[in-house]
Number of protein chains: 2
Amino acid sequence: MKISTKGRYALRLMLDLALNNTGEPVRIKDIAARQEISDKYLEQIISTLNKAGYVKSIRGPQGGYHLAREPEKYTVGMILRLTEGPLAPVPCLDGEVNTCERQDTCVTLRLWRMLDTAISDVVDKVTLADLVEWQTQISDNYVI
Amino acid sequence: MKISTKGRYALRLMLDLALNNTGEPVRIKDIAARQEISDKYLEQIISTLNKAGYVKSIRGPQGGYHLAREPEKYTVGMILRLTEGPLAPVPCLDGEVNTCERQDTCVTLRLWRMLDTAISDVVDKVTLADLVEWQTQISDNYVI
DNA sequence: CTCTTTTCCTATCACTTTGCTAGGCTTTAT
DNA sequence: ATAAAGCCTAGCAAAGTGATAGGAAAAGAG
């Protein structure tokens, strides 16, 4: 029942892009250094985000990445589902349609639906902009 | 972000024991047949439940298992945490104390805490007795 | 046009977890 | 004594995790 590093790193990566949005593209090397994550591994993760159109890339010298939209437009759920796959606690609830044969008589399914809803309620409500705001609060505390 | 078969089977196993509580011990072979799960695998899972005192075993012929307490006394969270380990979405929140170095400045931690709370709110509230009740509702629907 | 800096792409790999299967040992009712 | 149950440990194939490695392609600077 864990979010893997892939999802967690993707979130920190996107947050890093949001926080370092100076107009100039951000290099993967710099993100990796700030976040203390292997740059080669980050490269693979950002590739997924790039293909999904979540970030824009600029190649060549002075190249790098920036967010494709405003931070408000990304929910945590979007980022995690893209990198982690479905967040449902059981495979039956992964897709649109439940193909499990036992679904009509399965009591635990009701429980898993409750859990799925509880998880989605959190990740689909919190946006990247919220994380940015929280970050500034933390930084403020540290200055005082 | 999935509950493994271990936790799911443990839950169905406990529910099976609750539903088949006739006073006589329930054999693992019968649970396995009803639930369509390998009996050898169930054996390993029930061993965990037995060692934790969640079920009582009777050895020898006419032996088997029964619940150690009333279904109301078991939350889903207890059963899942015993068989799955901590349900926290990130390792930092697994134990009592967070040993992560980044915790003071980590924004995503706040998100993970929200997610952890949302998950716990569900699994610590629903009991085995609730599942039993839901099961009878489903069975009633099928009779009508 | 060349050099360098960056992203892009694919392969590989050690390690761990998952989901079992197998086989024998122990207890106990008949 | 026998057979039916639980108890215990080992093993193992497949998948997932968390990277590392090496080069190809693009593009700006000189």
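A quick yes/no check of all residues on (1) of a type in the set (A, V, I, L, M); (2) within 8 Å of chain B (Cβ to nearest Cβ):
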position: A:ASP124; (1), (2): no, no
position: A:GLN135; (1), (2): no, yes
position: A:ILE138; (1), (2): yes, yes
position: A:ASN141; (1), (2): no, no
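Which of the residues spanning region A:56-87 are assigned to a strand (DSSP E or B), near DNA strand C (Cβ under 8 Å from one of its atoms) and not aromatic (Phe, Trp, Tyr)? Quick ask: steps written out before the conclusion?
Initial filter on region A:56-87 (assigned to a strand (DSSP E or B)): A:56-58, A:64-67, A:75.
Adding the requirement that they be near DNA strand C (Cβ under 8 Å from one of its atoms) leaves A:57-58, A:64-65.
Within region A:56-87, A:SER57, A:ILE58, A:GLY64 meet the criteria.
Just checking, does region B:71-78 include any residue being more than 30 Å from A:GLU36 (Cβ to Cβ), at pLDDT 95 or above and among the aliphatic types (A, V, I, L, M)? Yes, there is a match, as at least one residue in region B:71-78 is more than 30 Å from A:GLU36 (Cβ to Cβ), at pLDDT 95 or above and among the aliphatic types (A, V, I, L, M).
Filter region B:21-49 down to the residues that are assigned to a loop (DSSP other than H, G, I, E, B) and either under 16 Å from the mean Cα position of the chain (by Cα) or within 14 Å of chain A (Cβ to nearest Cβ) (or both) and list them by number.
B:GLU36, B:ILE37, listed by residue number.
Name the residue, out of B:ALA52, B:ALA33, that is hydrophobic (A, V, I, L, M, F, W, C) and farther than 22 Å from B:LEU82 by Cα. Result: B:ALA33 is the single residue among B:ALA52, B:ALA33 that is hydrophobic (A, V, I, L, M, F, W, C) and farther than 22 Å from B:LEU82 by Cα.
Close Cβ contacts (under 6 Å, 6 or more residues apart or on different chains) running from residues in region A:18-39 that are away from DNA strand D (no atom under 13 Å from the Cβ) to residues that are assigned to a helix (DSSP H, G or I) and of a type in the set (Val, Ile, Thr) comprise A:ALA18/A:VAL132.
Can you go through A:PRO61, A:PRO89 and tell me which one is surrounded by 18 or more Cβ atoms within 10 Å (Cβ to Cβ) and within 15 Å of DNA strand D (Cβ to nearest atom)?
On the way: A:PRO61 fails: surrounded by 18 or more Cβ atoms within 10 Å (Cβ to Cβ).
That would be A:PRO89, the only listed residue that is surrounded by 18 or more Cβ atoms within 10 Å (Cβ to Cβ) and within 15 Å of DNA strand D (Cβ to nearest atom).
Is one or more of the residues making up region B:98-105 surrounded by fewer than 17 Cβ atoms within 10 Å (Cβ to Cβ), near DNA strand C (Cβ under 10 Å from one of its atoms) and within 14 Å of chain A (Cβ to nearest Cβ)? No: zero hits. Answer with yes or no whether B:LYS2 is in contact with a Ser or Thr (Cβ under 9 Å, 6 or more places away or on another chain), within 12 Å of DNA strand C (Cβ to nearest atom) and within 14 Å of chain A (Cβ to nearest Cβ). No: the conditions fail for B:LYS2.
The values are calculated or read from the model by the stated rules, or taken from the named source; none is laboratory data. Just so it is clear, the structure is predicted and the values come from calculations on it, not from any experiment. Note: ideal-geometry Cβ built from the backbone for every residue, glycine included; neighbour counts use all protein chains shown.
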